[in-house]
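Asker: Can you read through this structure? Questions will come right after.
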Amino acid sequence: HITGRGRQMVLGLLLRQNQSRLRFFASSAKRVGLSRELDRTFTEIERSSKTPAELVETLEAALSSDPTDADTASLLDKTRDLSLLYAEYTKFLGEDRLDPQGRLQQVLKSMADCPQFRQASVFIDGINDFDRHERQMIAGMDKLCRELTITLLMDPDSVVLRNMHQMPDDLSLLHKVERSYRLLAIALLPMLVILPL
């Protein structure tokens, strides 16, 4: 099992090993923090259920009107580097290693294969904050289960409750819960139904 920190270390190693093959990231391959940013980027791409190679294809099709433009060339170089690094990372993982995204996919697949989940009513109560992994698990359960109910202690007049895209007030007494609700609501769209009590 590769932890989140371990994934960043592997990405740092792959950046150095492939520096000569990179176009956009070649000059910053040894920069501290780049592997952490790549980890975040790969996580966002994985969450969209796309691969960096698909991203490159989409961008090449969309930007083919002016391939000589400096911004276009730079963006294409960056996405090609992302695709190359992700391919190298996938090759490094092979069949024997699981990273956090791979473990999440394995758990969600096991849940999808479990007939008890399809008929289950799931209740989540007494939790005021969910990390990204927990939000992804909840979104996976929401797709599988017959019913999913989550209770959060919030002010019924909260601006976040009326508009999930509104950032919570930093000085709100329930800021942490409002922030958690907002992120969870976005993860559950479009299946979300709000029932204030």
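The values are calculated or read from the model by the stated rules, or taken from the named source; none is laboratory data. All values reported here derive from a predicted model rather than from experimental measurement. Virtual Cβ from ideal backbone geometry, glycine too; neighbours counted across all protein chains shown. Please note that ligands, DNA and RNA were not included when accessible areas were found on the heavy atoms of the full protein model with its side chains. Shrake-Rupley method; radii C 1.70, N 1.55, O 1.52, S 1.80 Å.
Asker: How far is helix 132-144 tilted, in degrees, relative to the longest principal axis of the Cα atoms in the chain, given as a value from 0 to 90 rounded to the nearest 10?
Answerer: 70
Asker: Sticking with this one: Just the ratio, please: alpha-carbon radius of gyration of the chain over 2.2 N^0.38 Å, N its number of residues. Walk me through the intermediate numbers first.
Answerer: Working: Rg = 20.3 Å, N = 197, 2.2 N^0.38 = 16.4 Å.
In units of the 2.2 N^0.38 Å rule of thumb, it is 1.24.
Asker: Quick check: pseudo-label points 7 Å beyond the Cα along Cα→Cβ at residue 36 and residue 107, how many nm apart are they?
Answerer: 2.4
Asker: Hey, what did the chain get for relative contact order, percent, Cα under 8 Å, at least 6 apart?
Answerer: Relative contact order, the chain: 17 percent.
Asker: Give the carbon-plus-sulfur fraction of the accessible surface of region 148-189 in %, rounded to a whole number; probe 1.4 Å, heavy atoms of protein chains only.
Answerer: 58
Asker: Something else about it: For region 48-197, with every protein chain kept in place, what is the accessible area per residue (1.4 Å probe, Å²)?
Answerer: 65
Asker: A further question follows. With a cut-off of at most 15 other beta carbons within 10 Å, and DSSP calling the residue loop, which trypsin sites (Lys or Arg not before Pro) in region 75-128 qualify? Please list them.
Answerer: 97
Asker: Using only the alpha-carbon atoms, what does region 85-197 span along each of its principal axes? Please give whole angstrom values in decreasing order.
Answerer: 50, 37, 23
Asker: Protein chains only, probe 1.4 Å: how do 145, 114 rank by accessible area, largest first?
Answerer: So the residues, ranked largest to smallest area, are 114, 145.
Asker: Computing the accessible area with a 1.4 Å probe over protein heavy atoms, can you report the carbon and sulfur percentage for region 18-143?
Answerer: The nonpolar share, carbon plus sulfur, comes to 51 percent.
Asker: Helix 70-93: angle to the longest alpha-carbon principal axis of the chain, degrees 0 to 90, nearest 10?
Answerer: In the chain, helix 70-93 runs at an angle near 80 degrees to the longest axis.
Asker: Could you state the angle between the C-alpha long axis of helix 34-47 and the longest principal axis of the C-alpha atoms of the chain, as a value from 0 to 90 degrees rounded to the nearest 10?
Answerer: 60
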